[in-house]
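Worksheet for the structure shown next.
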Amino acid sequence: MPRLSGGQIDRSKTLTFTFNGQRHFGHPGDTLASALLANGVRLVGRSFKYHRPRGIFTAGSEEPNALVTLGEDAQAEPNTRATVVELTDGLVARSQNHVGPLSFDLLAVNDLVSPLLAAGFYYKTFMWPRAFWERLYEPAIRRAAGLGRLSMKPDPAQYHKGFLHCDLLVIGGGAAGLTAALTAGRAGARVILADEDFQLGGRLLTQNENFAGQTALEWLEPVEAELAGLPNIRVLRRTTVFGTYDHGIFGAVENAGTKTLWRITAKRSVLAAGATERHVPFANNDRPGVMLASAIQAYANRWAVSPAERVAIFTTNDDGHRVAAGLLAKGVQIAGVVDPRKDAKALGDYPLQSGALVIDTRGRRGLTHVRTTQGWLEAGALGIAGGWNPNLHLASHHRARPRWSEAHAAFLPADNDLPPGMVVAGAAAGIGGTASAMRSGAESALRALIELGLKAQMPDLPNAEDIGSCRQTIWHVPGKKRAWVDFQNDVTVKDITLAHQENLTAVEHLKRWTTLGMATDQGKTANVTALAIMSELTGKGIPATGTTIYRPPYTPVPLGVLGGGNTGPHFRPRRLTPSHDWAQAQGAVFVEVGPWMRAQYFPRPGETTWRQTVDREVLATRAGVGICDVTTLGKVDVKGRDAGLFLDRLYANPMASLKVGMVRYGLMLREDGHVYDDGTCARLSEQHYVVTTTTAQAGPVYRHMEFVRQCLCPELDVHLISTTDAWAQVSIAGPKARSLLERIVDGVDLSNTAFPFMACAELTVAGGLRARLFRISFSGELAYELAVPARFGGALMARLMELGADLNVTPYGTEALGVMRIEKGHAAGNELNGQTTALMLGMGKMVSSKKDAIGAVMSRREVLMEDRRRLVGLVPVNPSDPITAGAHLFTKDDHQETSTDAGWISSACFSPHVGSAIGLGFLQDGDSRMGEEIVAANPLEGVQTRVRVVSAHFIDPEGERLRD
Amino acid sequence: VTDLIPHSTAPFKITRGPVSIVENPNIAFASLALSRGAPPVAPFGLTLPEVGKWVQQEDISAFWMGASAWMIAAENAGETDFAKILAREVPGAFITEQTDAWAVFDVSSSGGATPLERFLERLVNIDLAAFGPGRAVRTGMAHLSGFIIRKAMNQCTILVVRSAARSVIHALEEALL
C-alpha cells in the first residue's frame, strides 16, 4: 500500500536496495524493515525448525523473525535484524534458512511432520545406530535447522576499537535517557549518551504524542541541538551498549559504516533502555502480518507505512486502543480491536470486541483473517499488545536476579542489587508514562551527579501526559493448535507443556531442552511469557519460577568487532631483533618465539633440508666460531645499595657474594619451591648487577622482580630497569671465539687469565662503541656474549662476519642454539616447565642453606625432596631411531600405565656431534641408571622406542672447552 | 668514534586529516634513579617532576617513571652517549642508558585538542580529561607497554619498545581515522 502521511523519512531522496535480488525503493530515514513493508514485502524469512513463513514482528533490536544476510560474498553478514538496519543506497539483503525460493521453501515439509519434531525430538529419535549421530543425523539436522550461514571467507571489513571515559553513561536516548543526559550535561558532567538507533528519541519518535502546546518531535529538536552544542556531552548514535562489566566498564559497538568496539569506563550510569512489548501466544500466531502493536504504531508514525490496509488489534490493555486510534487517524482501516476485558472502551470509531480473544488466524504466506471468540475478522495485519517487559538486561549482567512486580505484571531491575553506580530510569524501571519517564531520567541523573559531587538542577520538562493503562494479564490463549512463544526457535506452548511433562520445569532446563530464548534475539519477546506459562503449569507462581541468567551481549556482536581489527600479521605485536634486517638479507628462516621473530637457521645454496643447515651451523660453531643474536633474552639492570641483598632473596643461590667483574648462573624458585627461571647474573660494579632471564619468561620474571621489590622487600634500596630492548646482544661461540673477539674489542686483554670463564666487563668495541662483554656459554664451547646499543646490533653482526671470514665464522639460529644446549645438557624452557625442582635438575646444591630466598623453604618439602626423577641424557639403542620430546619413559618390560610411568622426555634433537638423535628427560632414579636400556613410549601414535640412559652432557662433560 | 653504522630506516611519518605522526629517532634517553634519602637533584637545572608529570626546558625534558626514578630525555642527542653525560651531571645517581630501548613518535594536531584526543582514545585506555599538558603515564597500547606524554593540548609523544616499532606503527595508523 502507498506510504501514509507524515513520518521521519526524507521523501525528497530515493534509495535503491535489493531483497533476494528484487529491486526496491526506500528513503533516508527508513530501516530495511520499514522499506520492505513499504514495498509490500511481508514474507521475509523461514522459521528455524518448521520452516514456516515469517514476517517482520517488531520495529527494534528484539526482532526474532526478520533476520537477513547483508552484503555479498566475503562481505556477507548473516543474522542481521532488518528492523535495525539503516537503509542505504545499494544495500543488498537476502533471506535465510530456506531451500529453494523463499516463497516455496522445500523444507517447509517439516511443518507437515511437526508432531514428530516437538521439543527435544532429536534426543529421543536419533538413538541408533550410534555412529550415525555424528556422521549423518547431526549434519542433516544442522543443515535443515538454523539461521544464516557464514561465507567461510576471511572477513575483509575493517574494525576499530577504542576507550572512552565519562562521569555518566546514559544508555538509551528515549524520553528518560534524553532528560538524564540533558540534566547531567547542563551540570557540566562528562556525559556519553549511547543509543542503538540512528535517531535519538526512542518511543517519542513512534508514539506521536502531543505535549501541551507541542509535539514530541518539536520538543526533541531543540533538545538534540542543545546536546550537540554541549562540549561535555558525547552522543553516540548507532551504538549498542551490549554488556555491563566490573568496575563501571561497559562494552559498546558503534556501527557507523565501520564498526568500533568501545570500552567505556563510567563513574555512574543511567540505564534507560526502555521496554519491549509482549505478545500473547494463540493458535497460528506466527504468520507474516502478526506483529507487536507498538511496532505497527512505529511503522505508521515514524516511517509512514502500514503493514496492511486493514489492521486488527489484539490488546489486553489501553495501549492497543491508542494504536488503533492512531492508525485510524492515519487512514488505516481498523478491522476490529479484540480485548479480553469485558469493560474495555474504544478510543475511536472502530469495531470493538470486548471480552474476546484471538483464537486462530488464516493466510498461507501472510495473514488474511483473524478468528476471535466472536467470529472472523478480515485483516492483513494484527497488532498484539500484551503489556511490557522492561529492558533490564544490562542491570543483570553481573548475575542479579530481577524482581517480579505484581503491580507492573513484569520483572523489574533488582533495585538492591544493581551494578555499582547504575540507576535505572524510565520504562526500563517500569516507569512507562512519558511524563514520569522524563522525570525519572532527570532524577536518576541528579542522583548520580550528587554522588559525584556535582551540582545540578531539574530541567524544565514538557507537559507530557502519563496515560494510565488498565490491563488484564493474559499469558497465552489456550487451544489445541500450535501457539508460538519463541518465534526464532520455533518453541510453542505445546513444547513448554511437554517440557513440564518431562519434568524439565526449571527455567534453565526449559531453555536448554526446548532451545527457548537462545540464538540471536536471546528470547527478548519470549522468555517472560514462557516462564509465566511454565509457572501456570507448575502452579509455583512467577517469582518462584524466576528468570534465566542475563549475560552479555545484549544484542549480537560480530566476532570481528571483538577482535578489533587485529587479524593476519597484526594478530599480535611482533618484536624484531636488532639484527632482523641483517638476518633477512642473509636469507634466514624465522620462527616465532613468544612475541619475537628470531632467525631459526640460515640456509645456504644447495642445502635442501633444514637439518642439513642446522647440522652445518652446529659443526661449524664447534669447530671454529659461530655468532647468534641472543637479544631476546630478558635483561634487567639491578642497581642500588641493596642490589646484592635483593638478588640474594630472589635467587636460590647467593649473589651478594659475587665479585665485581664476574657472572654467576642463577636459579630462581617460585614460592612453592619449584624452579621458576634461570639465567645469569653479572656484577658490573659494586651497586650494579645485570640479570638475564629466558626469552619466554622475560616479562613474567621482570614483573616478579618488581613484585618482590615493591611488595616483599620494600625496605631494600634497589632500582630495576628492563634493558632488554636497549642492548643488542650477540653470542660468539666456538674454539675461535676469542680470536674473533680480539679483532673487535678495543684494547682489552681477553686472555684466559685476564678474562676467565664467567668474567664480565664494560668496554668499547669497533673504535669506541660502548659495550658489555660476558664470558658465558650456552653451547658448551668457549663463548662470549657481547652487548652494544641496540641500533648497532645489525652492524655488529655484519662486522663480526667480515672480521671472521678467515675463521669461517658462521651465523647460527635458534635451531642450532637448541641443538648445542641439548648436547651440553643445559636446561631451558622445556626443562623449566613449572613442574621441576632444583633437585630434579641436578642443581639441588644451588639452593643455599646459608640464606633465605624465595621458595627455598618450600623446596625442602617432603613431597619435593622425595621426588626421585632426575635429569638424564637419552640416546636411541638403534642409532637410526628418533627421539620424541613428550614421550613417556618406562622401565623395560614394565606394563605401561600411569602407575609405572617413570618420567618423560623434555627435549630432543638430532645431534651431529653424537651422530644420532639425543634427548634430555626426567627419569625416576635417573642418576643411578646410567647405561640402562628403557622404553620411550608415545602412546598417542603407538610408538615405542628403546633408549639408553646416558649423562645429560653429550659433549665435554668436564667443561674444559668453555674454560679454555 | 666507532665506524659501525647504526641501523636506520627513514623515520616514519604520516598525516591524516589534522593529525600528524612523526617518528623522532634523534632523541636520547637515560633513566635516573636516586638512592633512598638522597637529596633532590636538578640535572641541567631541571626540577624533576612529581608523580605522573613531565617537564621540559629547552632540549632536556624529564618524566616520572617510578618512586625516585625519572626518565631524562635530550633532543638531538640520539647519537651521543647521553647516559655518560647525565652521569657526570648527577654524580651518585643511578643512570641507565635507554636511548635504544624506545621508538618515539611525536603526534600533533593542527585542529586543536579534539582530533588528538580522538586519536588517543583509539589507542590507549586513558581518561583524557585527566591527562592534560604536562602529564605522562606508563600504559599499555596495542598489547605492548609504553609511555605517553601530553606535551600540549594538541601534542603528545608516544614511547614504545623499539623492537615492536613496526607493529606499533600499524596500531598508530589504525588509530588515525
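The values are calculated or read from the model by the stated rules, or taken from the named source; none is laboratory data. All figures in this text were calculated on a predicted structure; none of them were measured in a lab. Neighbour counts are summed over all protein chains in view; Cβ atoms, including those assigned to glycine, are modelled from backbone coordinates with ideal geometry.
Filtered by the rule that a residue be assigned to a strand (DSSP E or B), in contact (Cβ under 8 Å) with a residue 40 or more places away in the chain and not small (Gly, Ala, Ser), region A:211-243 gives A:211, A:214, A:233, A:234, A:235, A:236, A:239, A:240, A:241, A:242. In region A:299-314, the residues that are on the phi < 0 side of the Ramachandran plot form Cβ pairs under 7 Å with partners that are among the hydroxyl-bearing types (Ser, Thr, Tyr) and part of a loop (DSSP other than H, G, I, E, B), at six or more places apart or across chains, as follows: A:299/A:306; A:300/A:306; A:301/A:206; A:302/A:206. Would you please list the contacts, defined by Cβ atoms under 7 Å and residues six or more apart or on different chains, that run from a residue in region A:378-399 that is on the phi > 0 side of the Ramachandran plot to a residue that is assigned to a loop (DSSP other than H, G, I, E, B) and among the small types (Gly, Ala, Ser)? Sorted first by the residue in region A:378-399, then by its partner, the pairs are A:387/A:409. From the list A:552, A:543, A:578, A:569, which one is within 14 Å of chain B (Cβ to nearest Cβ), in contact with a strand residue (DSSP E or B) (Cβ under 7 Å, 6 or more places away or on another chain) and not polar (S, T, N, Q)? Only one candidate passes the filter, namely A:578. Pairing residues of region A:164-176 that are on the phi < 0 side of the Ramachandran plot and more than 14 Å from chain B (Cβ to nearest Cβ) with residues that are polar (S, T, N, Q) and surrounded by 24 or more Cβ atoms within 10 Å (Cβ to Cβ), at Cβ distances under 8 Å and at least 6 apart in sequence or on separate chains, gives A:170/A:269; A:171/A:269; A:175/A:434; A:176/A:440; A:176/A:444. Among the residues of region A:453-471, those identified as buried (at least 16 other Cβ atoms within 10 Å of the Cβ) and assigned to a loop (DSSP other than H, G, I, E, B) are A:454, A:456, A:459, A:461, A:462, A:464, A:469. The set of residues from region A:182-228 being buried (at least 24 other Cβ atoms within 10 Å of the Cβ) and farther than 26 Å from residue A:30 by Cβ comprises A:182, A:183, A:184, A:185, A:191, A:192.
Determine whether region B:50-68 contains at least one residue that is within 14 Å of chain A (Cβ to nearest Cβ), buried (at least 19 other Cβ atoms within 10 Å of the Cβ) and polar (S, T, N, Q). Scanning region B:50-68, I find at least one residue that is within 14 Å of chain A (Cβ to nearest Cβ), buried (at least 19 other Cβ atoms within 10 Å of the Cβ) and polar (S, T, N, Q), so the answer is yes. Taking (1) surrounded by fewer than 20 Cβ atoms within 10 Å (Cβ to Cβ); (2) in contact with a Ser or Thr (Cβ under 9 Å, 6 or more places away or on another chain) in turn, residue A:271 satisfies each apart from (1).
Do we have any residue at all in region A:732-739 that's closer than 24 Å to residue A:581 by Cβ, within 11 Å of chain B (Cβ to nearest Cβ), touching a helix residue (DSSP H, G or I) at 6+ places or on another chain (Cβ under 6 Å) and buried (at least 23 other Cβ atoms within 10 Å of the Cβ)? No, region A:732-739 has no match at all.
Consider region B:140-154 and keep the residues that are surrounded by fewer than 20 Cβ atoms within 10 Å (Cβ to Cβ) and more than 12 Å from the chain's Cα centre (by Cα). The one that is nearest to residue A:265 (Cα to Cα) is B:140.
Filtered by the rule that a residue be more than 17 Å from residue A:148 (Cα to Cα) and not in a loop (DSSP other than H, G, I, E, B), region A:1-31 gives A:15, A:16, A:17, A:18, A:22, A:23, A:24, A:25, A:26, A:31. Among the residues of region B:76-93, is any surrounded by 14 or more Cβ atoms within 10 Å (Cβ to Cβ), within 30 Å of residue A:264 (Cβ to Cβ), in contact (Cβ under 8 Å) with a residue 12 or more places away in the chain and more than 10 Å from chain A (Cβ to nearest Cβ)? No, the conditions are met nowhere in region B:76-93. Checking the stated criteria, residue A:541 turns out to be free of Cβ contacts under 8 Å to residues at least 24 places away in the same chain and surrounded by fewer than 18 Cβ atoms within 10 Å (Cβ to Cβ).
Residues in region A:593-613 that are at pLDDT 95 or above and over 27 Å from residue B:5 (Cβ atoms): how many? The qualifying residues number 9. For region A:567-594, the set of residues classified as assigned to a loop (DSSP other than H, G, I, E, B), crowded, with 20+ Cβ neighbours inside 10 Å and within 32 Å of the chain's Cα centre (by Cα) consists of A:573, A:577, listed by residue number. Restricting to region A:413-437, and then to whatever is more than 29 Å from the chain's Cα centre (by Cα) and more than 22 Å from residue A:210 (Cα to Cα), can you tell me which residue is surrounded by the most Cβ atoms within 10 Å (Cβ to Cβ)? By that ranking, first place goes to A:429. Applying the condition of being hydrophobic (A, V, I, L, M, F, W, C) and surrounded by fewer than 15 Cβ atoms within 10 Å (Cβ to Cβ) to region A:66-119 and asking which residue is farthest from residue A:299 (Cα to Cα) yields A:116. Might you let me know whether region A:667-684 holds any residue that is surrounded by fewer than 23 Cβ atoms within 10 Å (Cβ to Cβ), within 14 Å of chain B (Cβ to nearest Cβ) and either of a type outside the set (Phe, Trp, Tyr) or touching an Asp or Glu at 6+ places or on another chain (Cβ under 7 Å) (or both)? Among the residues of region A:667-684, at least one is surrounded by fewer than 23 Cβ atoms within 10 Å (Cβ to Cβ), within 14 Å of chain B (Cβ to nearest Cβ) and either of a type outside the set (Phe, Trp, Tyr) or touching an Asp or Glu at 6+ places or on another chain (Cβ under 7 Å) (or both), which makes the answer yes. Against the test of being in contact (Cβ under 8 Å) with a residue 12 or more places away in the chain, at positive phi, at the interface with chain B (Cβ under 10 Å from one of its Cβ atoms) and of a type outside the set (D, E, K, R), the options A:793, A:780, A:768 yield a single qualifying residue, A:768. Remark: pairs (first residue in region A:625-637, under 24 Å from residue A:687 (Cα atoms) and of a type in the set (A, V, I, L, M, F, W, C); second residue modelled with pLDDT of 95 or more and outside any strand (DSSP E or B); Cβ separation under 8 Å; 6+ apart in sequence or on different chains) = A:633/A:724; A:636/A:701; A:636/A:702; A:636/A:705; A:636/A:723; A:636/A:724. Taking residues in region A:689-718 that are basic (Lys, Arg), and partners anywhere that are not in a helix (DSSP H, G or I), the pairs with Cβ atoms closer than 8 Å and at least 6 places apart or on different chains are A:709/A:716; A:709/A:718; A:709/A:720. Those helices (runs of 4 or more DSSP H) of region A:768-872 in which at least 3 residues are within 30 Å of residue A:588 (Cβ to Cβ), considering only elements entirely within it, cover A:793-803, A:814-824. State all residues of region A:560-591 that are more than 27 Å from residue B:5 (Cβ to Cβ) and either among the small types (Gly, Ala, Ser) or modelled with pLDDT of 95 or more (or both); if no residue qualifies, say none. Once the filter is applied, which keeps residues that are more than 27 Å from residue B:5 (Cβ to Cβ) and either among the small types (Gly, Ala, Ser) or modelled with pLDDT of 95 or more (or both), region A:560-591 yields A:560, A:563, A:564, A:565, A:568, A:591. The criterion of at least 2 residues that are within 14 Å of chain B (Cβ to nearest Cβ) is met, among strands (runs of 3 or more DSSP E) falling completely within region A:244-294, by A:249-256, A:258-271.
Pairs linking a residue in region A:832-849 that is among the hydroxyl-bearing types (Ser, Thr, Tyr) to a residue that is outside any loop (DSSP other than H, G, I, E, B), with Cβ atoms under 6 Å and 6 or more positions apart or on different chains, are A:836/A:675; A:837/A:864. Against the list (1) more than 14 Å from chain B (Cβ to nearest Cβ); (2) among the hydrophobic types (A, V, I, L, M, F, W, C); (3) under 16 Å from residue B:143 (Cβ atoms); (4) in a strand (DSSP E or B), the condition residue A:562 fails is (4).
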